[in-house]
1. Which count do you get for residues in the range 1-49 that are small (Gly, Ala, Ser), touching a helix residue (DSSP H, G or I) at 6+ places or on another chain (Cβ under 9 Å) and either free of Cβ contacts under 8 Å to residues at least 40 places away in the same chain or farther than 15 Å from MET103 by Cα (or both)?
2. Among the residues of the range 108-142, which ones are more than 25 Å from ILE54 (Cβ to Cβ) and among the acidic types (Asp, Glu)?
3. Is it the case that some residue within the range 24-39 is farther than 26 Å from GLY132 by Cα, assigned to a loop (DSSP other than H, G, I, E, B) and either polar (S, T, N, Q) or not assigned by TED's automatic domain parsing to the domain that holds LEU135 (or both)?
4. For a quick check of your reading of the model, give me the residue pairs whose first member lies in the range 65-78 and is under 13 Å from SER20 (Cα atoms), whose second is surrounded by fewer than 17 Cβ atoms within 10 Å (Cβ to Cβ), with beta-carbon atoms closer than 6 Å and at least 6 apart or on different chains.
5. Using the structure shown, decide if ALA92 is farther than 23 Å from TRP26 by Cβ, hydrophobic (A, V, I, L, M, F, W, C) and out of contact with any Cys (no Cβ under 8 Å at 6 or more places or on another chain).
6. Within the range 85-96, is even one residue under 14 Å from the mean Cα position of the chain (by Cα) and either hydrophobic (A, V, I, L, M, F, W, C) or not in a helix (DSSP H, G or I) (or both)?
7. If you go through the range 51-62 one residue at a time, how many are crowded, with 24+ Cβ neighbours inside 10 Å and touching a helix residue (DSSP H, G or I) at 6+ places or on another chain (Cβ under 6 Å)?
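The values are calculated or read from the model by the stated rules, or taken from the named source; none is laboratory data. Computed from a prediction, not measured in an experiment: that's the story for all the values here. Please note: Cβ atoms are built from the backbone with ideal geometry, for glycine as well, and neighbour counts cover all protein chains shown.
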Amino acid sequence: MYFDMYGPFEVGRIDGQVPSRQPAMWKQVREASMKAGYGETELETSIGCYAFGIKHGDTLRPWYVGMTAAKGGFRAEIFQKHKLDHYNDVVAERRGTPIMFLMPLLTPEDRFSRDRGASVPLIQWVEKMLFGVALKRNPECRNKRDTKFLRNVEVRGVFNSRRKGPAGATVSAARQMFGTEGS
C-alpha cells in the first residue's frame, strides 16, 4: 500500500478564477506520467488523494485535500463544481499561484491501482490523515466533511493545542516524542 507523489502542478486561472478546463495543468500531469515511465494518461486517470494549495514565494500552503476512486480518476474528480467553489474562494482571498499535488495509489508492482472497490476505505483513511497534516499547517483549510474531530479534539502538546500558559515538563517531553515542538 503505497501512494506516490506528483506535483506541484500549476493550476491555471482565467479572470482570477480557476476554470474546470485545465489544459496546461493536464499537460504537466501527462509529462510527469511519461517521465515516471507510465503511459501518457495513466496518472490523470488513476485513483488516490490530491491536495490543492497556494504557492506564494517559497511557501506552499494546503487549502483542500480530497480523494478519488472515480472511474475517470483524478481528471474526473478534482475540478468538479463544489471543489471549484472552494478553490475560487481561496484564490479570491489569497495571493499566489494555485497548485495541485496528485497522490496515486500504487500496486505492489508499482503500477497505478485500478482496484476502485477494495481501495476506497484505504483512500478515505489516507485522505483523513493528509487532512490532519494539512490542518496543522493551515487551520483555515476548506474541507468540511469528516473533519469535526480533527478540528475540535485537542491533545495538549500533540495536536490542536489551545491551552495558554507554560507547557510543563510532561507536555515538553510529549512534544519531543511526537515531533511537535513549537506546537
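1. Qualifying residue count, the range 1-49: 4.
2. GLU109, ASP110, ASP115 - these are the residues of the range 108-142 that are more than 25 Å from ILE54 (Cβ to Cβ) and among the acidic types (Asp, Glu).
3. The answer is no; no qualifying residue exists.
4. Partner pairs satisfying both residue conditions: ALA76/ALA70; GLU77/ALA70.
5. In short, yes.
6. no
7. Number of matching residues: 1.
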